[in-house]
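I have placed the structure first, in the form of structure tokens, so that the comments after it can refer back to it.
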Amino acid sequence: MDSVRDTLWINTRIATCDAHQPEPYGAVHGHALWLRGTHIHALLPQEQAVREFAGRGEVIDAQGCWLTPGFIDCHTHLVYGGNRAAEWAQRLQGVPYTQIAMAGGGILSTVRATRALDEDELALASLARLKALMAEGVTTVEIKSGYGLTLHDEIKQLRAAHKLATSLPVELASTLLSAHALPPEFSDDSDGYIRHICDVILPAVAREHLAEAVDVFCESVGFSPAQTRRVFEAATAHGLRVKGHVEQLSNLGGAQLVAEFSGLSADHIEYLDDAGVAALAKAGTVAVLLPGAYYFLGETQKPPVAKLRAAGVAMAVATDLNPGTSPFASIRLAMNQACVLFGLTPEEALLGVTRHAAQALGRATSHGRLAAGCVADLLLWDIEHPAEIMYALGTNPLSRRLFRGTEG
Ligand code: DI6
Ligand code: FE
């Protein structure tokens, strides 16, 4: 009856990302990491660990490499059809994103391309993107709907996400984002579409357990705070957590709304004001920074990082992987951009894709840290300093990736 596999990682430097470890990166030295099956059994001083472990399984010599938790990309739209390279070329000629969106391009052009594919085709079209994230160490990925915008197509998109994730060693957190753009079926009736989301799409998705959270694009080119509130009320009534695309292009007070509903995260937040910062701090809502979209749109308004830091708001970092505003399947690029563009320290960027990203997905007790009881999702890096993880892009210092204790 010894079906559970034990392994002990020795001679490793461990960035636990655990708040209980006082050193930068939650680093511990001279310790060994003991895995049992799919979880972390213990983190012990190496001599003690080797003594207690004797004869129980495989000992792996990491030869001084760094271990980190598996990365969590807590905000992506990676399941979609087509691409928007031609639109990008237009934007480079000076046509603004909001104008392209109002002319039926932007999100709606991806909606057309996504509707044209069936579930299997959609999963296949998205496979390379997910594999690229995984190759840089992502072990948990959030994926949103929002390019279907009908009951059928939203469910298709979420099913494609589940199909993709179950075929690979990665965990999925799926989010319903039907309130992403107004579909042509409801043009000139955005309240009618919100009613359709609340009365039809959201209940069906909840019934089939296809999403664990609900997101809204609360913006002048998206949905109003009053409409966002209605979606949040429906989500809460169906036992789903909420999060929001808020204060990306303007300040509508969306972050306060997310906080009012004890939301998991407020995402983008370039235009977040002091009241928004205070609301996030009070509610324990995570601030998700998405520097890829800021970079790709050539924005100049930066999120209030210093104020978030001072208020003790947990900051996560994610790719926002999507065809319109952040077509980058690279979590390491997002970390690098968070440092260079938003002024995060490399330590903050690492916590942003581990402990704080776990919190943004409601997985704070089980993911994003190397500590006893957490999932055995971990990465071995051939580096001398943790900052190297996000420092030099184009080469990848990740040497081993474990998902639930198994390499792959
Ligand atoms: N904000 C964004 O940056 C993405 N969605 C959103 O609400 C853009 C998605 C797209 O342009 O396709
Ligand atoms: Fe997004």
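The values are calculated or read from the model by the stated rules, or taken from the named source; none is laboratory data. The shown structure was predicted, so the numbers you read here are calculated from the model rather than taken from an experiment. Positions of Cβ are backbone-derived with ideal geometry, glycine not excepted, and every protein chain shown enters the neighbour counts. Surface accessibility is based on the protein's heavy atoms, side chains included, excluding ligands, DNA and RNA. Shrake-Rupley method; radii C 1.70, N 1.55, O 1.52, S 1.80 Å.
What to note about this one:
- Only one of Thr110, Thr139 that is within 13 Å of ligand 1 (Cβ to nearest atom), among the hydroxyl-bearing types (Ser, Thr, Tyr) and in contact with a Phe, Trp or Tyr (Cβ under 8 Å, 6 or more places away or on another chain): Thr110
- Subset of region 178-188 (residues that are free of Cβ contacts under 8 Å to residues at least 60 places away in the same chain and surrounded by fewer than 19 Cβ atoms within 10 Å (Cβ to Cβ)): Glu185, Phe186, Ser187, Asp188
- From the list Thr300, Thr285, Thr319, the one residue that fits, being more than 12 Å from ligand 1 (Cβ to nearest atom) and either crowded, with 24+ Cβ neighbours inside 10 Å or not assigned by TED's automatic domain parsing to the domain that holds Asn83 (or both), is Thr285.
- Members of region 169-188 found to be within 21 Å of the chain's Cα centre (by Cα), outside any loop (DSSP other than H, G, I, E, B) and not hydroxyl-bearing (Ser, Thr, Tyr), listed by number: Glu171, Leu172, Ala173, Leu176, Leu177, Ala179
- Residue count, region 28-44 (criterion: small (Gly, Ala, Ser) and either open to solvent by less than 10 Å² (accessible area, probe 1.4 Å) or assigned by TED's automatic domain parsing to the domain that holds Leu176 (or both)): 1
- Region 167-177 - residue that is open to solvent by less than 10 Å² (accessible area, probe 1.4 Å) and small (Gly, Ala, Ser) and, of those, nearest to Val79 (Cα to Cα): Ser174
- Check on Ala349, in contact with a helix residue (DSSP H, G or I) (Cβ under 6 Å, 6 or more places away or on another chain) and outside the structural domain of Arg13 (by TED's automatic domain parsing): yes
- Yes/no for Ala349 being crowded, with 24+ Cβ neighbours inside 10 Å, at pLDDT 95 or above and within 16 Å of ligand 2 (Cβ to nearest atom): no
- Put simply, of Arg332, Arg355, Arg401 the only residue that is open to solvent by 10 Å² or more (accessible area, probe 1.4 Å) and outside the structural domain of Asn11 (by TED's automatic domain parsing) is Arg355.
- Any chance Asp191 is open to solvent by 60 Å² or more (accessible area, probe 1.4 Å), assigned by TED's automatic domain parsing to the domain that holds Ile269 and either assigned to a helix (DSSP H, G or I) or within 26 Å of Gly105 (Cβ to Cβ) (or both): yes
- Criterion (out of contact with any His (no Cβ under 6 Å at 6 or more places or on another chain), in the same structural domain as Ile143 (by TED's automatic domain parsing), among the hydrophobic types (A, V, I, L, M, F, W, C) and modelled with pLDDT of 95 or more) met by exactly one of Leu78, Leu108: Leu78
- Residues that are without any contact (Cβ under 8 Å) to a residue 12 or more places away in the chain, under 30 Å from Trp88 (Cα atoms) and not acidic (Asp, Glu) do not occur anywhere in region 327-339.
- Residues within region 45-81 that are without any contact (Cβ under 8 Å) to a residue 24 or more places away in the chain and either open to solvent by less than 30 Å² (accessible area, probe 1.4 Å) or under 23 Å from the mean Cα position of the chain (by Cα) (or both), tallied: 0
- Close pairs from region 85-101: first not assigned by TED's automatic domain parsing to the domain that holds Thr325, partner surrounded by 14 or more Cβ atoms within 10 Å (Cβ to Cβ), Cβ under 9 Å, at least 6 apart: none
- Cross-chain or 6+ apart pairs with Cβ under 6 Å, region 239-256 first and buried (at least 20 other Cβ atoms within 10 Å of the Cβ), then among the β-branched types (Val, Ile, Thr): Val242/Val214; Gly244/Val216; Gly244/Val258; Glu247/Ile269; Gly254/Val246; Ala255/Val246
- Residue match in region 121-131 (condition: more than 16 Å from ligand 2 (Cβ to nearest atom), more than 23 Å from the chain's Cα centre (by Cα) and over 26 Å from Arg404 (Cα atoms)): yes
- Residues located in region 132-166, provided they are within 17 Å of the chain's Cα centre (by Cα) and open to solvent by 40 Å² or more (accessible area, probe 1.4 Å): Ala135, His162
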